[in-house]
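Student: Attaching a single structure in structure tokens format; questions to follow.
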Ligand code: SF4
Ligand code: SF4
């Protein structure tokens, strides 16, 4: 006599094991793809950081900020005759190309000297992140002055606390 019940159970068990094997295989391959993508992106970031460090070293400018961005509104810029931002930039990150300012992002250290010297409010915008996570944004000379003043008074009160605890 054929034991149908037992055969069915055996088939079910095999199907379940196969499904488990397939699911583990899929999990592993998606994890591997994710890890590979992450690795490639980290490698790219590292190469970019190294290239940037090399470039900044060649112009003798130190980097103080974790990351940042800069944009210039060419619609309000006064043009080449002004040139104040280009002259103020310590790392030669700004240059003229076909009547417009070009930015070499790898050379920009987000110091905001260009914003401080610009004759048009909100023409240049610099955003930067300090190593402690603080994000600062500048688009007018007043923004830069406010930060300098706040930093100055912060340092002064630290000195007072040191001398007169
Ligand atoms: S923020 Fe402006 S002045 Fe400072 S490095 Fe960048 S482009 Fe030059
Ligand atoms: S300082 Fe301002 S207005 Fe002058 S060239 Fe630079 S971006 Fe243009």
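Student: Are any residues in region 111-164 more than 16 Å from ligand 1 (Cβ to nearest atom) and on the phi > 0 side of the Ramachandran plot, and if so, which ones?
Tutor: 133
Student: Can you find a residue in region 90-110 that is away from ligand 2 (no atom under 16 Å from the Cβ), outside the structural domain of residue 138 (by TED's automatic domain parsing) and either surrounded by 12 or more Cβ atoms within 10 Å (Cβ to Cβ) or closer than 28 Å to residue 134 by Cα (or both)?
Tutor: No, every residue in region 90-110 fails to be away from ligand 2 (no atom under 16 Å from the Cβ), outside the structural domain of residue 138 (by TED's automatic domain parsing) and either surrounded by 12 or more Cβ atoms within 10 Å (Cβ to Cβ) or closer than 28 Å to residue 134 by Cα (or both).
Student: On to the next question. Just wondering, is there one or more residues in region 58-72 that are at pLDDT below 90, closer than 30 Å to residue 140 by Cα, in contact with a helix residue (DSSP H, G or I) (Cβ under 7 Å, 6 or more places away or on another chain) and more than 16 Å from ligand 2 (Cβ to nearest atom)?
Tutor: Checking region 58-72: at least one residue is at pLDDT below 90, closer than 30 Å to residue 140 by Cα, in contact with a helix residue (DSSP H, G or I) (Cβ under 7 Å, 6 or more places away or on another chain) and more than 16 Å from ligand 2 (Cβ to nearest atom).
The values are calculated or read from the model by the stated rules, or taken from the named source; none is laboratory data. All values reported here derive from a predicted model rather than from experimental measurement. Here Cβ is always computed from backbone atoms with ideal geometry, including for glycine, and neighbour counts include all displayed protein chains.
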